[in-house]
Amino acid sequence: MALKLSVVGTGYLGATHAACMSSLGFTVVGVDTDAQKVAQLSKGELPFYEPGLDTLLLQEIESGRLTFTTDFSAVADADVHFICVGTPQSKDGLAADLTYVKASVAAIAPFLKDNSLVVGKSTVPVGTAQMLREQLSKSAPHADLAWNPEFLREGFAVEDTLKPNRLVVGVVTDRAEQILKEVYASIIALDTPWIRADLPTAELVKVAANSFLATKISFINAMAEVCEAAGGDVTVLAKAIGYDPRIGHRFLQAGIGFGGGCLPKDIRAFMARAEELGAKQALDFLREIDEINLRARQRVIDVVRSDLSEDLTKYKIAVLGATFKPDSDDVRDSPALDIAAQLHAAGAKVVVHDPKGIEPARKRFPTLTFEENVENAVVDADAILHLTEWKEYRALDPQRIGSIVKSKLIIDGRNMLDRDLWRAAGWRFHALGRTD
Ligand code: UDX
């Protein structure tokens, strides 16, 4: 008989996983403590923006295979339980807050049938899976626990779940591996690499991958700083080094750096955990990665000040982009929004535009001004900052925009605009890591 699945936590990861597993033909129940989210998802409405997931969710709800509830007893029928709750940065330090992970395992424990498998997907500090196994051995001794980290990128969540570039499973027993092979059979059939690991290695794979990506971005942003000092051009440098297949071109886009719900918090939690384990020195470089990343935001503000004035109180600055990356409405730790807020705090009149992120951005920074229309945002501006590389910003006509601003100053925080085109239209064009 086909396995039945439960997904605990229906945020970004959980909602995606639940809809994708249902699309593979499984009966799936999603459980969350947030009644509003559950009500929305049950109607087939996605509480956030993710290309393709909206239609998939609706389709799966209509198929009858996928349901959502706030009632944890609904997991009683399921054989495999995926833990997909958040592990945010703690309020009082760098470490990850495990409250939700522990609470969700405790909440399902009384309903676990014999031989069921709990599968952690949340990003956790190494050692968490073992700790949860011990928690379960007391409350549900006939259940097993495995760890199966996810690597999904916002904007590609469905594709990354259904066609991942690898599946990593941390297991203690052969049976747990067999069950996971059954769940992922159709994905394995696509020749997806399958990696069996022990629990700590599976947990580490996720944070190691994110640390590597963060390092790659901060590396190129460090090169951008050197290019600025030496009169070079980081975009040419990145292109040139990327042709070496050992380096590669991806994640070498210099600019205002990384943000979002994963990379910043994951590298900080990883440092905190390494210190607890007595391996602090091994990850000290990540502190530098974090600092380079935050410095990129400051460098944009420095460019604005050096072009306009130290005192920004008389200036209107239009910020294009609020989300941490395009094709997402996520503003968590968004470099764009951070820069907007800092300029606002410095006294500038800041108007922010974003194609999808205005509402979440307004919730975070209610004192900023938001504009739904790009032209209304830039009208009479003394400077335009291009901070999230939405496609529509590359389609802006520098001639037309030049006729409605007060001063033709544009700063490309993502190195994605056509410098020659903007300069030909009379703009002062600055970009991070490019000097001429
Ligand atoms: C990331 C990981 O890629 C994913 O595997 C993991 O599961 C979750 O964290 P995501 O947060 O969706 O995914 O964003 P990602 O596409 O990795 O981008 C992260 C940040 O880096 C964005 O702010 C982006 O603008 C920035 N970035 C990315 C750069 O500044 N330069 C680059 O070259 C690439």
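The values are calculated or read from the model by the stated rules, or taken from the named source; none is laboratory data. Treat the numbers as computed from the prediction; the structure is a model and nothing was measured. We place every Cβ from the backbone using ideal geometry, glycine too, and count neighbours over all the protein chains shown.
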Of (1) in contact with a helix residue (DSSP H, G or I) (Cβ under 9 Å, 6 or more places away or on another chain); (2) under 19 Å from Pro88 (Cβ atoms); (3) surrounded by 19 or more Cβ atoms within 10 Å (Cβ to Cβ), Gly260 satisfies every one except (1)
Can you find a residue that is surrounded by 22 or more Cβ atoms within 10 Å (Cβ to Cβ) and closer than 27 Å to Gly321 by Cβ anywhere in segment 267-278? yes
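Report the residue count in segment 365-410 for those that are of a type in the set (Val, Ile, Thr) and either assigned to a loop (DSSP other than H, G, I, E, B) or outside the structural domain of Arg434 (by TED's automatic domain parsing) (or both). Talk me through it step by step, then tell me what you get.
Looking only at segment 365-410, we keep the residues that are of a type in the set (Val, Ile, Thr), and these are 367, 369, 374, 378-379, 384, 388, 401, 404-405, 410.
Keeping just the survivors that are either assigned to a loop (DSSP other than H, G, I, E, B) or outside the structural domain of Arg434 (by TED's automatic domain parsing) (or both) gives 367, 379, 388, 404-405.
Selection size over segment 365-410: 5.
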Between Glu159, Glu150, Glu154, Glu177, which is in a helix (DSSP H, G or I), within 16 Å of the ligand (Cβ to nearest atom) and under 30 Å from the mean Cα position of the chain (by Cα)? Glu159
Checked Gln36, Gln40, Gln59 against criteria (under 16 Å from Val158 (Cα atoms), polar (S, T, N, Q), over 20 Å from the mean Cα position of the chain (by Cα) and at pLDDT 95 or above); the one match is Gln59
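Check whether at least one residue in segment 231-251 is of a type in the set (A, V, I, L, M), buried (at least 20 other Cβ atoms within 10 Å of the Cβ) and farther than 22 Å from Thr128 by Cβ, and report yes or no. Spell out the reasoning first.
Here is the first cut: in segment 231-251, the residues of a type in the set (A, V, I, L, M) are 234, 236-238, 240-241, 247.
Still in the list and also buried (at least 20 other Cβ atoms within 10 Å of the Cβ): 234, 238.
Keeping just the survivors that are farther than 22 Å from Thr128 by Cβ gives 234, 238.
Yes, that holds for at least one residue.
So, in segment 300-329, how many residues would count as being within 16 Å of the ligand (Cβ to nearest atom) and either surrounded by fewer than 20 Cβ atoms within 10 Å (Cβ to Cβ) or part of a loop (DSSP other than H, G, I, E, B) (or both)? Reasoning before the result, please.
So the first thing to find is which residues in segment 300-329 are within 16 Å of the ligand (Cβ to nearest atom), and the list is 300, 319-329.
So of that shortlist, the ones also either surrounded by fewer than 20 Cβ atoms within 10 Å (Cβ to Cβ) or part of a loop (DSSP other than H, G, I, E, B) (or both) come out as 321-329.
Counting residues in segment 300-329 that are within 16 Å of the ligand (Cβ to nearest atom) and either surrounded by fewer than 20 Cβ atoms within 10 Å (Cβ to Cβ) or part of a loop (DSSP other than H, G, I, E, B) (or both) gives 9.
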Given the options Thr123, Thr161, Thr128, name the one that is among the polar types (S, T, N, Q) and over 29 Å from Thr55 (Cα atoms). Thr128
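Of everything in segment 74-97 that's assigned to a loop (DSSP other than H, G, I, E, B) and at pLDDT 95 or above, which residue is surrounded by the fewest Cβ atoms within 10 Å (Cβ to Cβ)?
Step one: list which residues in segment 74-97 are assigned to a loop (DSSP other than H, G, I, E, B), which gives 78-79, 84-88, 90-95, 97.
Okay, now just the ones that are also at pLDDT 95 or above, so 78-79, 84-85.
Numbers: Ala78: 25, Asp79: 19, Cys84: 28, Val85: 25.
So the residue we want is Asp79.
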Considering segment 238-262, residues that are touching a residue at least 40 places away in the same chain (Cβ under 8 Å) and either aliphatic (A, V, I, L, M) or touching a Gly at 6+ places or on another chain (Cβ under 6 Å) (or both), and then whichever is farthest from Ser334 (Cα to Cα), we arrive at Ala254
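Any residue in segment 127-149 that is aliphatic (A, V, I, L, M), under 19 Å from Met271 (Cα atoms) and outside the structural domain of Lys280 (by TED's automatic domain parsing)? Working first, answer last.
Of the residues in segment 127-149, the ones aliphatic (A, V, I, L, M) are 129, 131-132, 136, 140, 143, 145-146.
Filter once more, so that each one left must be under 19 Å from Met271 (Cα atoms): 129.
With outside the structural domain of Lys280 (by TED's automatic domain parsing) added as a condition, the list becomes 129.
The answer is yes; a qualifying residue exists.
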Which residues, taken from segment 233-251, are hydrophobic (A, V, I, L, M, F, W, C) and part of a loop (DSSP other than H, G, I, E, B)? Ile247, Phe251
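Can you name every residue in segment 343-356 that is assigned to a loop (DSSP other than H, G, I, E, B) and either without any contact (Cβ under 8 Å) to a residue 40 or more places away in the chain or closer than 18 Å to Ile301 by Cα (or both)? Give the steps one after another, and end with the answer.
Narrowing segment 343-356 to residues assigned to a loop (DSSP other than H, G, I, E, B): 346-348, 354-356.
Within segment 343-356, Ala346, Gly347, Ala348, Asp354, Pro355 meet the criteria.
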